[in-house]
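Read-outs throughout are calculated quantities, based only on the coordinates presented, and are distinct from any laboratory measurement. Please read these numbers as outputs of a predicted model, since none were measured by experiment. Glycine gets a Cβ as well: all are built from the backbone with ideal geometry, and neighbour counts include every protein chain shown.
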Amino acid sequence: MKPKVLSYVVFLVFIITTQSLPSADAAAPSELREVYDVTGKKVLHNAPYYIGPVIWAKGGGIKLTDTKDKKKVCPFYVVQDPAEVNRGGHFNFLLNGKDNDEKYLLTSHTISIESGSPEVPCDKGSYWQIPNVKAKAPSNFITTGGSIETAVSCFQVMDYPKPTSPKVHSYMLQHCPSFCGAGPGGCFNVSLIIDKGVRYLGYGGTAPFEFVFQKAK
C-alpha cells in the first residue's frame with residue numbers, strides 16, 4: 001500500500017473510532033417514563049421522598065448538613081448519612097416547565113429538587129444546586145441555596161444503566177445546566193465524593209450514585 005493511501009486509511013479509522021466513543025457523562029436518548037419507588041409504586045411529582053443506596057451497607061440515606069470542616073455553613077451541603085440505619089432527610093422532586101402539572105415524576109425531564117423546611121434555619125434558597133459543576137471541590141458539591149428552574153439547579157433523574165438488583169428500580173441523578181439556562185452544555189453524572197471522611201453528592205467525574213426512592217410519611 002502506498003504511503004499516502006496508508007495515511008488516509010489511518011485517518012479514516014481515527015475519525016470513525018473517535019466519533020463512536022461516548023462521553024463518560026453522556027446520557028443515552030431516553031423517552032419520558034414514570035419513576036418507581038422501592039415498593040413498585042409510581043413516584044409522585046412534588047411529594048416528599050427519601051433517597052438512598054440500593055444496598056444500605058456502606059451508609060444510609062441522603063440528608064442535609066449544616067457543618068463543613070467543623071464550621072457552621074449556610075447554604076447546607078447534601079451528604080450521605082454515615083449510618084446505614086438512617087434514612088436521611090426527605091426531599092421533593094418537581095418537574096420543570098409545562099410538565100409541572102403531571103401527577104408522577106418522569107425520567108429524562110428536567111427537575112428541581114426542594115429540601116422542604118430543614119430543622120436548622122438558613123436564609124438561603126431551599127433548592128439543590130451545583131454552584132459550578134466544572135470547578136474543583138467544594139464548588140462542584142450539591143448545596144441548597146438554589147432557585148427553581150435555573151441553570152445551577154437543573155437536574156434530571158435517569159434509569160441506572162446497570163442496576164445492582166434487577167428486582168428494584170434504581171436511578172441516577174444528572175446535573176444539566178444548559179437545559180434550564182446558560183451554563184456548560186451536556187449533563188454531568190452526580191456521584192458520591194469523599195472529602196475528609198464525609199460523602200458529599202456532587203460532580204466528581206466518577207461512577208454515578210445509584211439510589212432508590214422511598215416514600216416519606
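Details
- Sequence ranges 146-155, 95-104, ranked by mean other-Cβ count within 10 angstrom, highest first: 146-155, 95-104
- Remark: region 80-120 is approximated by an ellipsoid whose semi-axes, taken from the C-alpha gyration tensor as √(5λ), come to 26, 12, 8 Å, largest first.
- Close amide H pairs (under 5 Å, H built 1.01 Å from N) link L44 with L105, residues at least 5 positions away or on another chain.
- Counting only Cβ charges, +1 for Lys and Arg and -1 for Asp and Glu, the dipole size of region 36-100 around its Cα centre is about 120 debye.
- Only the Cβ atoms of Lys and Arg (+1) and of Asp and Glu (-1) were treated as charged; on that basis the dipole of region 151-217 about its Cα centre amounts to roughly 280 debye.
- Entry note, region 27-215: relative contact order of 22 percent, from Cα contacts under 8 Å with a spacing of 6+ residues.
- Charges were assigned to the Cβ only: +1 to each Lys and Arg, -1 to each Asp and Glu. The resulting dipole of region 27-215 about its Cα centre is roughly 500 debye.
- Fewest-first ranking of E84, E114, using other Cβ atoms within 10 Å as the exposure measure: E84, E114
- Between the listed residues Q80, F211, V152, the Cα displaced farthest toward the positive end of the dipole of region 66-217, a dipole computed from Cβ unit charges relative to the Cα centre, is found at Q80.
- Hz values of 3J(HN,Hα) by residue in region 169-181 - Karplus curve (6.51, -1.76, 1.60), Gly and Pro given as x: 7, 10, 9, 10, 10, 10, 9, 10, x, 5, 6, 10, x
- Burial ordering of T107, T144, fewest other beta-carbon atoms within 10 Å first: T107, T144
- In terms of its C-alpha gyration tensor, region 75-217 comes out rounded, because the ratio a/c of the largest to the smallest axis stays below 1.5.
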